[in-house]
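Worksheet: the structure to be examined is printed underneath.
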Amino acid sequence: MKTLILGLGNELFGDDGIGIHVIRELKRKSDFKSNIDLIETSYSGLALIDVIADYERLIIIDTIKKEKPNPGNIRILDLSQVRHVPGPSPHYVSFPQIIALGKKLGLKMPTLVKIIAVEAKNIYILGEGLSPEVKCAIPGIIKKVKDILTDWERK
Amino acid sequence: MNNKRITIDPITRLEGHGKIEIFLDEQGNVDKAFLQIPELRGFEQFAVGRPAEEMPRITPRICGVCPTAHHMASTKALDDLYKVEPTPTAKKLREFIYSTFMLEDHTLHFFFLGGPDFVVGPHAPAAERNILGVINKVGLEIGKKVIQIRKQCRDIISYLCGKVIHPVCGLPGGVSKGLTEEDRKKFLEIAKTGVEFAQFALKIFDDIVLKNKEYVDIIIGDIYFHRTYYMGLVDKNNKVNFYDGNIRIVDPNGKEFAKFKPQEYLNHIAEHVEPWSYIKFPYLRKVGWKGFTDGEESGIYRVAPLARLNASDGMATPLAQEAYEKMYDTLGGKPAHNTLAFHWARLIEALYAAERMVELLEDKEIIDPNIRNIPTEIPKEGIGVVEAPRGTLIHHYKTDEKGIITEANLIVATLNNAAAINMSIGRAAEKLIKKGDVSDGILNMIEMAFRAYDPCHACATHSLPGDMPLIVNIYNANGKLIHQLKRNMK
């Protein structure tokens, strides 16, 4: 079963780079089986359809915007918990939409999907580097990735 | 006289997709409306201290959707910084890459934006009013074609600009990779398919939208209509050009108001600050800021597809020119002030982009190996301008004599439209909310007002929407929240 661990983010926008940082850390430290790929990308919207096609299982690491953020807080979401009614712009093609679109067009889309959503402190100001709260969340995120993989292996 | 001053705390800045605040007067009619658009903050602090030559590599990451636009504007700023002219072949390659990008972005965005409003219909339920609904309506084949064209365009750009996430082909004075004859022929086939596809998209627009009186009425109706100034890049014949040329501004009657080199933009564009937003609203210095209003006396101007067509004397390629003439005939002349016509103009521009790709590839000079002039001058200041899909994009750098940035400014496309977007929302709200009566369909109708501009809503960041859908807050004359509309999460 081909699995993709996908770190989404933009390192130029502070905490929005968390997905990228996590993938780099995973590449450095972890020893995954050959059927598990690690990809980091700043692509947005529909371009992601090319990235996730042909994988059966997908773990996404990304930041999440909350009205009153608790930075570094990690939540595991299913597709059903993420917006699937489209937003006001194609800049915001959500994952459920990408997957639905991919399926409709006859592409092979992941069937098992988990989203690790990390609450960010600051994502609108240009600047490199994570906030301390989000940086500290990295080991916790890595553990969640491994937990999810173990859980899937069992099934 | 009842003076109700309403201040919106600027600290409650936008953290989600969009927050629209609408304030009603005592009669329950719309007094003011504001859309808070998240803007790019900290660009100067971020750039200062960096070598200018890094900017074409870094700035594409400002936008996950249109990195090529930033890359190209940044590269041109470096040409200007070092006062080095790119070789003729380099210019052609850059314009070819850029046209490929515009074709991809425009066709994709039409199907995502205009498609749901027109192809599916403005009154269709929210769950259908998206790309999936479009595919359901027009057929799977079209969906597949859109995805295929998009992929082919992206492959071309990856090939010429490096197999990395973001383009890295631009250098001051040229490009880093040339084109072989074999690839020229291959890309030419793709470009011709692009022309066919763009024509096909216009035909869909014609069949589904223009032949439907209800849709045409919405396009030409007064809810989505503003008489503003228009700005865009034009070539020496005053035809639309995405990659290079002079900036031209026409007034609401279509008369040329100004035409200048990009380097002179500060003589023409000033910025206005509102207390409720972090955004500075650009406006025409020589007309002045008169508020969120349109007409000759107001310095508000618009950019992006319809604006570019309005600011020009036509399209430089034949099929696009034909489509341009048809649009203006239908809309009753030039300039066209109908906001929803941005979607139509977007398709005409896509056709021009594809035709231009063919033209550039049919010019044998594009495979010439001379792709770079090495800079020799001491750097000081450089300004690079391109027409991004969403409008005029300006990169401006000042450096010390070693090329390290000392000052930097960036005007992203959507910022040029910020004032107009607010005005459009205000107008739509005014027409749709009467005597405090807020009908159900209003959320979508208000969204249509700003979706036509395809604004860069925090285009930079990736974040999942979380629990921040589009919110429209409606306040009565006492500033009390009386109604809240939310685009649903689930």
Counted residues, region A:1-16 - those being more than 25 Å from A:Glu133 (Cβ to Cβ) and open to solvent by 10 Å² or more (accessible area, probe 1.4 Å)
2
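Condition test on B:Tyr328, is it open to solvent by less than 50 Å² (accessible area, probe 1.4 Å) and in contact with a Phe, Trp or Tyr (Cβ under 9 Å, 6 or more places away or on another chain)?
Details: open to solvent by less than 50 Å² (accessible area, probe 1.4 Å): yes; in contact with a Phe, Trp or Tyr (Cβ under 9 Å, 6 or more places away or on another chain): no.
No.
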Residue by residue through region B:235-272, note down the ones that are among the charged types (D, E, K, R) and modelled with pLDDT of 95 or more.
B:Asp235, B:Lys236, B:Lys239, B:Asp244, B:Arg248, B:Asp251, B:Lys255, B:Glu256, B:Lys259, B:Lys261, B:Glu264
For region B:418-439, state whether one or more residues are of a type in the set (Asp, Glu), assigned to a helix (DSSP H, G or I) and open to solvent by 10 Å² or more (accessible area, probe 1.4 Å).
yes
Do you know which of the residues in region A:68-83 that are among the aliphatic types (A, V, I, L, M) and in a strand (DSSP E or B) is nearest to A:Glu119 (Cα to Cα)?
A:Ile74
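Mind checking which residues of region A:17-38 are closer than 15 Å to A:Ile115 by Cα, of a type outside the set (Gly, Ala, Ser) and either facing chain B (nearest Cβ under 10 Å) or surrounded by 21 or more Cβ atoms within 10 Å (Cβ to Cβ) (or both)? Even if it seems obvious, please write down each step before you answer.
The initial filter retains those residues of region A:17-38 that are closer than 15 Å to A:Ile115 by Cα, namely A:18-20, A:22-23, A:38.
Still in the running and of a type outside the set (Gly, Ala, Ser): A:18, A:20, A:22-23, A:38.
Across region A:17-38, the qualifying residues are A:Ile18, A:Ile20, A:Val22, A:Ile23.
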Positions within region B:368-403 being part of a strand (DSSP E or B) and touching a Pro at 6+ places or on another chain (Cβ under 6 Å), in sequence order
B:Ile383, B:Val385, B:Thr399
Residue by residue through region A:99-116, note down the ones that are more than 9 Å from chain B (Cβ to nearest Cβ) and either modelled with pLDDT under 85 or assigned to a loop (DSSP other than H, G, I, E, B) (or both).
A:Lys108, A:Met109, A:Pro110, A:Thr111
Within region B:83-114, of all residues that are of a type in the set (Phe, Trp, Tyr) and open to solvent by less than 10 Å² (accessible area, probe 1.4 Å), the one farthest from B:Thr392 (Cα to Cα) is B:Phe111
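Hand me the list of helices (runs of 4 or more DSSP H) wholly inside region B:107-209 holding 1 or more residues that are more than 14 Å from chain A (Cβ to nearest Cβ) and out of contact with any helix residue (DSSP H, G or I) (no Cβ under 9 Å at 6 or more places or on another chain).
Those helices (runs of 4 or more DSSP H) span B:181-204.
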Mind telling me which of the residues B:Pro262, B:Pro252, B:Pro275, B:Pro282 ends up being over 23 Å from B:Tyr328 (Cβ atoms) and in contact with a Pro (Cβ under 8 Å, 6 or more places away or on another chain)?
B:Pro275
If I filter region B:175-183 for residues that are in contact (Cβ under 8 Å) with a residue 24 or more places away in the chain, over 27 Å from B:Gly382 (Cα atoms), surrounded by 20 or more Cβ atoms within 10 Å (Cβ to Cβ) and not polar (S, T, N, Q), do I get at least one hit?
yes
Scanning region A:117-155 for residues that are in a helix (DSSP H, G or I) and of a type in the set (Gly, Ala, Ser) gives A:Gly140
Considering only region B:209-220, I want to know if a residue exists there that is touching a residue at least 24 places away in the same chain (Cβ under 8 Å) and farther than 24 Å from B:Thr107 by Cα.
no
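So that you can scan it fast, the table gives a plain yes or no per residue for (1) modelled with pLDDT of 90 or more; (2) more than 17 Å from A:Lys143 (Cα to Cα); (3) β-branched (Val, Ile, Thr):
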residue	(1), (2), (3)
A:Ile23	yes, no, yes
A:Lys27	yes, no, no
A:Ala53	yes, yes, no
A:Arg57	yes, yes, no
A:Lys65	no, yes, no
A:Ile76	yes, no, yes
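Would you call B:Asp79 of a type in the set (D, E, K, R), out of contact with any helix residue (DSSP H, G or I) (no Cβ under 7 Å at 6 or more places or on another chain) and within 12 Å of chain A (Cβ to nearest Cβ)?
It is false that B:Asp79 is of a type in the set (D, E, K, R), out of contact with any helix residue (DSSP H, G or I) (no Cβ under 7 Å at 6 or more places or on another chain) and within 12 Å of chain A (Cβ to nearest Cβ).
The values are calculated or read from the model by the stated rules, or taken from the named source; none is laboratory data. Since we're looking at a predicted model, the values are computed, not measured. Quick reminder, even Gly has a Cβ in these numbers, built from the backbone with ideal geometry, and neighbours come from all protein chains shown. Just so you know, the surface numbers come from the protein's heavy atoms only, side chains and all, with ligands and any DNA or RNA stripped out. Shrake-Rupley method; radii C 1.70, N 1.55, O 1.52, S 1.80 Å.
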